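Visitor: Below is one structure. I have some questions about it.
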Amino acid sequence: MRDYDTILAELHSRPRYAKKKDLSRITNLMNSLGNPQNHLPFVHVAGTNGKGSICAMTASILRSAGKKTGLFTSPYLKEFTERIMIDGNTIPKTDFCRIYERVYAEECALESSGQEPANEFEVITAIAMCYYYEQQCDVVVLEVGLGGRLDATNIIAPQKVCCIAQLGLDHQAQLGNTIEEIAAEKGGIIKQDCIVITPSTQAPEAINVLSEICRRNHAELRVCAVPSELRLSSHHNSFLLEGKRFYVSLAGPYQAYNAACAIEIGRALGISDELIQKGLTTVVWPARLMPLTEDVVLDCAHNPNGIQALLDALDAVYPGRPICSLMAMMADKDYKTCVRAVAERSVRLTATTLDMPRALSSEELRESADGYCLKTYSEPNPEQALKAAMLRRRNDELLVICGSVYLAGEILSLIDQHPGILHNMKRN
């Protein structure tokens, strides 16, 4: 069996998007693997923003209820195997390699008969399905990769509960240019007779589309109640939902709305409010308004809606504190809108980049910030950029690191390698 690094490099060499936009490749691949997904119950979650947090909360709730719970998410922060987890533990690399070789052999046989090669996400999905079946999971919380209707995760059998998280404009080239078009794509995960959960903040035009899809599928659409009386801190928050107070161990007012979805999912699955509360209290989901120190916050917001939610959360949790920022972004995102929003709120902005083909250069990012922020800097190396941003930070300022999940992962890896890196830097 080949080693993990060799397999990972081969996996990453696959195309990100397939030429033929349908589910034929993943369907044929899963057929050849015995369709393990047909023997697993799922909670399926799509959306633009918040779906990862909802998945993490839901998985934590299910674990609190005594369920052996798989969690499939993307992308990852520090280690690729984070994408496939059971009860908070990542898939062992030996199992990942073993199952990959099995999937690869079946895929080669399909290619020899004329099928287009599977893309990276399709292969990852196949590995996850095989692993969760092998490990006899009681339930799998399954995050959609992109869209919904034509996403590789949509080969699962009808599920009892699915969720359409907050929708916004992202991946327009693949999903459409309006909220209605995007809702139609995301709503493609809605199956016959299922319960569909969506947040109270969902746009009316999206609700209309989802309602029609539910009508056609005899599904029940549940729009969550509105959280109220939020009590916020830098490490957690609490809120009232239909007169009952819940606590969640994730910061930011938007997490109350994500938690409302997770609560409704738990209730739809017959889990008591007591166990739901236990799951919300113990949930861990890094890089979401994550305080690294009292003066440094890390967030993986990477599209306009996510960036705005981050900025609103900073106002609520850190009222009155001036902000300096460190950003990296992918070039295929709406980076100009994101950079402008952050730059306008920052006393200074340090731009960096990542060693990835899709990454925006630090100089392009800095140029996008010029005119919106008085002081901008470019530093291509993330570690040097972090050090420079920390050295420039004034004592009263909050350093906000954002713009990319991959930047968040890089920062967390740096902290793992150099635990004192943030505390040892001189402040002006």
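The values are calculated or read from the model by the stated rules, or taken from the named source; none is laboratory data. None of these values were measured; they are calculated from a predicted model. Positions of Cβ are generated from backbone atoms using ideal geometry, with glycine treated the same way; all protein chains shown enter the neighbour counts.
Visitor: Could you please find all residues in region 346-361 being part of a loop (DSSP other than H, G, I, E, B) and surrounded by 20 or more Cβ atoms within 10 Å (Cβ to Cβ)? First the steps, then the outcome.
Guide: Narrowing region 346-361 to residues part of a loop (DSSP other than H, G, I, E, B): 352-358, 360-361.
Selection gives Thr352, Thr353, Leu354, Leu360.
Visitor: Suppose we keep only residues that are on the phi > 0 side of the Ramachandran plot and in contact (Cβ under 8 Å) with a residue 24 or more places away in the chain within region 78-125. Which one would you say is nearest to the chain's Cα centre (by Cα)?
Guide: The selected residue is Gly88.
Visitor: A further question follows. Is it the case that Cys130 is hydrophobic (A, V, I, L, M, F, W, C), touching a Leu at 6+ places or on another chain (Cβ under 7 Å) and part of a helix (DSSP H, G or I)? Explain how you work it out, then say what you get.
Guide: Values: hydrophobic (A, V, I, L, M, F, W, C): yes; touching a Leu at 6+ places or on another chain (Cβ under 7 Å): yes; part of a helix (DSSP H, G or I): yes.
So Cys130 fits the description; yes.
Visitor: In region 94-111, is there at least one residue being closer than 18 Å to Asp5 by Cβ and assigned to a loop (DSSP other than H, G, I, E, B)?
Guide: no
Visitor: In the list Arg345, Arg366, which residue meets the criterion of being of a type in the set (D, E, K, R) and farther than 27 Å from Lys51 by Cα?
Guide: Just one listed residue meets the conditions, Arg366.
Visitor: Would you check if Ile307 is buried (at least 19 other Cβ atoms within 10 Å of the Cβ) and not assigned by TED's automatic domain parsing to the domain that holds Ile411?
Guide: no
Visitor: What do you reckon, is Val123 touching a Lys or Arg at 6+ places or on another chain (Cβ under 8 Å), modelled with pLDDT of 95 or more and either surrounded by fewer than 23 Cβ atoms within 10 Å (Cβ to Cβ) or over 23 Å from Ile197 (Cα atoms) (or both)? Before the answer, list the steps.
Guide: On the way: touching a Lys or Arg at 6+ places or on another chain (Cβ under 8 Å): yes; modelled with pLDDT of 95 or more: yes; either surrounded by fewer than 23 Cβ atoms within 10 Å (Cβ to Cβ) or over 23 Å from Ile197 (Cα atoms) (or both): yes.
So Val123 fits the description; yes.
Visitor: Residue by residue through region 396-425, note down the ones that are in a loop (DSSP other than H, G, I, E, B) and either small (Gly, Ala, Ser) or in contact with a Leu (Cβ under 8 Å, 6 or more places away or on another chain) (or both).
Guide: Looking only at region 396-425, we keep the residues that are in a loop (DSSP other than H, G, I, E, B), and these are 396-397, 403-404, 418-425.
Gly403, Ser404, Gly420, Ile421, Leu422, Met425, listed by residue number.
Visitor: When you go through Leu221, Leu230, Leu250 one by one, which is the residue that is in contact with a Cys (Cβ under 7 Å, 6 or more places away or on another chain) and either assigned by TED's automatic domain parsing to the domain that holds Asp315 or of a type in the set (A, V, I, L, M, F, W, C) (or both)?
Guide: On the way: Leu230 fails: in contact with a Cys (Cβ under 7 Å, 6 or more places away or on another chain); Leu250 fails: in contact with a Cys (Cβ under 7 Å, 6 or more places away or on another chain).
Of the residues listed, the single one that is in contact with a Cys (Cβ under 7 Å, 6 or more places away or on another chain) and either assigned by TED's automatic domain parsing to the domain that holds Asp315 or of a type in the set (A, V, I, L, M, F, W, C) (or both) is Leu221.
Visitor: Hey, any hits in region 63-74 for a residue that's modelled with pLDDT under 95 and not basic (Lys, Arg)?
Guide: Yes, there is a match, as at least one residue in region 63-74 is modelled with pLDDT under 95 and not basic (Lys, Arg).
Visitor: Hey, among the residues in region 51-80 that are basic (Lys, Arg) and part of a helix (DSSP H, G or I), which one's farthest from Leu250 (Cα to Cα)?
Guide: The first filter runs over region 51-80 and keeps only residues basic (Lys, Arg), leaving 51, 63, 67-68, 78.
Cutting the leftovers down to part of a helix (DSSP H, G or I) gives us 51, 63.
Working: Lys51: 14, Arg63: 17 Å.
So the residue we want is Arg63.
Visitor: Given the conditions (1) out of contact with any helix residue (DSSP H, G or I) (no Cβ under 7 Å at 6 or more places or on another chain); (2) part of a loop (DSSP other than H, G, I, E, B), and given that Leu314 satisfies all but one, which numbered condition is not satisfied?
Guide: It is condition (2) that Leu314 fails.
Visitor: Among the residues of region 267-286, are any within 30 Å of Ile411 (Cα to Cα) and touching a strand residue (DSSP E or B) at 6+ places or on another chain (Cβ under 6 Å)?
Guide: Quick first cut of region 267-286, residues within 30 Å of Ile411 (Cα to Cα) only: 278-286.
Checking which are touching a strand residue (DSSP E or B) at 6+ places or on another chain (Cβ under 6 Å) leaves us with 280-281.
Among the residues of region 267-286, at least one is within 30 Å of Ile411 (Cα to Cα) and touching a strand residue (DSSP E or B) at 6+ places or on another chain (Cβ under 6 Å), which makes the answer yes.
Visitor: Could you tell me whether Tyr247 is of a type in the set (Phe, Trp, Tyr) and under 20 Å from the mean Cα position of the chain (by Cα)?
Guide: Answer is no for this residue.
Visitor: Here is a list of conditions, (1) under 29 Å from Gly187 (Cα atoms); (2) outside any helix (DSSP H, G or I), and Thr125 meets all of them except one; can you say which number that is?
Guide: (2)
Visitor: Just name the residue that is surrounded by the most Cβ atoms within 10 Å (Cβ to Cβ) out of those in region 235-292 that are out of contact with any helix residue (DSSP H, G or I) (no Cβ under 7 Å at 6 or more places or on another chain), touching a residue at least 24 places away in the same chain (Cβ under 8 Å) and in a helix (DSSP H, G or I).
Guide: Ala260
Visitor: Filter region 374-389 down to the residues that are touching a residue at least 40 places away in the same chain (Cβ under 8 Å) and either surrounded by fewer than 16 Cβ atoms within 10 Å (Cβ to Cβ) or in contact with a strand residue (DSSP E or B) (Cβ under 7 Å, 6 or more places away or on another chain) (or both) and list them by number.
Guide: Once the filter is applied, which keeps residues that are touching a residue at least 40 places away in the same chain (Cβ under 8 Å) and either surrounded by fewer than 16 Cβ atoms within 10 Å (Cβ to Cβ) or in contact with a strand residue (DSSP E or B) (Cβ under 7 Å, 6 or more places away or on another chain) (or both), region 374-389 yields Ala385, Leu386, Ala389.
Visitor: Can you tell me which residues in region 349-364 are touching a Leu at 6+ places or on another chain (Cβ under 7 Å), closer than 14 Å to Thr376 by Cβ and not polar (S, T, N, Q)?
Guide: Within region 349-364, just Ala351 meets the criteria.
Visitor: Would you please name the residue that is modelled with the lowest pLDDT, looking only at residues in region 1-41 that are assigned to a loop (DSSP other than H, G, I, E, B) and small (Gly, Ala, Ser)?
Guide: Across region 1-41, the extreme among qualifying residues is Ala18.
Visitor: On the basis of being surrounded by 15 or more Cβ atoms within 10 Å (Cβ to Cβ) and assigned to a loop (DSSP other than H, G, I, E, B), does Cys137 make the cut?
Guide: yes
Visitor: Could you identify the single residue in Arg215, Arg222 that is closer than 30 Å to Asp87 by Cβ, modelled with pLDDT of 95 or more and over 20 Å from the mean Cα position of the chain (by Cα)? Quick ask: steps written out before the conclusion?
Guide: Working: Arg215 fails: closer than 30 Å to Asp87 by Cβ.
On inspection, the qualifying residue turns out to be Arg222.
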